[in-house]
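Peer 1: Got a structure for you, written out below as structure tokens; questions coming shortly.
The values are calculated or read from the model by the stated rules, or taken from the named source; none is laboratory data. Since this is a predicted model, take the numbers as computed values, not measurements. Because the Cβ atoms are built from the backbone with ideal geometry, glycine has one as well, and the counts that use them run over all protein chains shown.
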């Protein structure tokens with residue numbers, strides 16, 4: 001008997017994705033704990049060693065349950081943006097949000113949004129999310145591999161990178177603390 005990709009329940013070294021949630025099992029207690037904390041704080045950091053399944057836990061455990069309505073009553077529609085900080089965390093955040101919408105058709109570009117963020121901070125992102133979210137919708141921002149932010153900002157000679165890293169963290173915290181919109185932030189970090 002040969003195994004092909006349609007019969008093999010193991011995805012190898014890559015993380016499970018949301019559409020593979022039926023293959024992902026054994027982490028129900030952790031999934032429920034994250035959902036409870038997300039409901040209470042709107043911000044959750046999932047930490048663990050490299051390859052321990054942090055991304056899989058969120059993508060194949062938490063996200064499918066969010067879409068099934070486990071977190072909030074009546075608001076089971078989710079807009080989910082996933083990003084990695086990389087070499088330009090603010091740009092990647094903006095792109096992750098723009099990728100979830102047709103806001104580019106409204107003349108909103110990364111550079112326009114970045115300028116608004118530098119002027120208005122988290123309020124600029126909230127205003128953009130107001131355009132993006134339909135009534136009874138929630139927004140989840142998944143920042144995978146958050147530790148990239150430390151590598152990005154480690155060059156103390158470039159204060160702009162350090163400032164951008166600080167601004168990025170402040171935006172994430174501000175999004176989770178604001179009360180105008182149902183916004184939730186999850187970061188994974190080793």
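Peer 1: Quick check on residue 178: is it out of contact with any strand residue (DSSP E or B) (no Cβ under 6 Å at 6 or more places or on another chain), in contact (Cβ under 8 Å) with a residue 24 or more places away in the chain, surrounded by 15 or more Cβ atoms within 10 Å (Cβ to Cβ) and within 14 Å of residue 83 (Cβ to Cβ)?
Peer 2: no
Peer 1: Taking residue 187 as meeting all but one of (1) touching a residue at least 40 places away in the same chain (Cβ under 8 Å); (2) more than 26 Å from residue 50 (Cα to Cα); (3) under 18 Å from the mean Cα position of the chain (by Cα), write down the number of the exception.
Peer 2: (2)
Peer 1: Could you list, in sequence order, all residues of region 1-56 that are modelled with pLDDT of 85 or more and part of a loop (DSSP other than H, G, I, E, B)?
Peer 2: Within region 1-56, 42, 48, 49, 50 meet the criteria.
Peer 1: Only one of (1) at pLDDT 95 or above; (2) touching a helix residue (DSSP H, G or I) at 6+ places or on another chain (Cβ under 6 Å); (3) farther than 16 Å from residue 169 by Cβ fails for residue 83. Which number is that?
Peer 2: Answer for residue 83: the failing condition is (3).
Peer 1: Please verify whether region 132-147 includes one or more residues that are modelled with pLDDT of 95 or more, under 23 Å from residue 101 (Cβ atoms), outside any helix (DSSP H, G or I) and out of contact with any strand residue (DSSP E or B) (no Cβ under 7 Å at 6 or more places or on another chain).
Peer 2: no
Peer 1: For region 57-75, give me the residue count where each residue is part of a loop (DSSP other than H, G, I, E, B) and touching a residue at least 12 places away in the same chain (Cβ under 8 Å).
Peer 2: Count: 5.
Peer 1: Still on this structure: In region 148-163, which residues are surrounded by fewer than 21 Cβ atoms within 10 Å (Cβ to Cβ) and part of a helix (DSSP H, G or I)?
Peer 2: Here is the first cut: in region 148-163, the residues surrounded by fewer than 21 Cβ atoms within 10 Å (Cβ to Cβ) are 148, 150-152, 154-163.
Of everything in region 148-163, those that are surrounded by fewer than 21 Cβ atoms within 10 Å (Cβ to Cβ) and part of a helix (DSSP H, G or I) turn out to be 148, 150, 151, 152, 159, 160, 161, 162, 163.
Peer 1: Can you pull out every residue in region 121-145 that is surrounded by 15 or more Cβ atoms within 10 Å (Cβ to Cβ) and out of contact with any helix residue (DSSP H, G or I) (no Cβ under 9 Å at 6 or more places or on another chain)?
Peer 2: 133, 137
Peer 1: Report whether or not residue 188 is part of a helix (DSSP H, G or I) and either touching a helix residue (DSSP H, G or I) at 6+ places or on another chain (Cβ under 6 Å) or loosely packed, with under 13 Cβ neighbours inside 10 Å (or both).
Peer 2: Criteria not met by residue 188.
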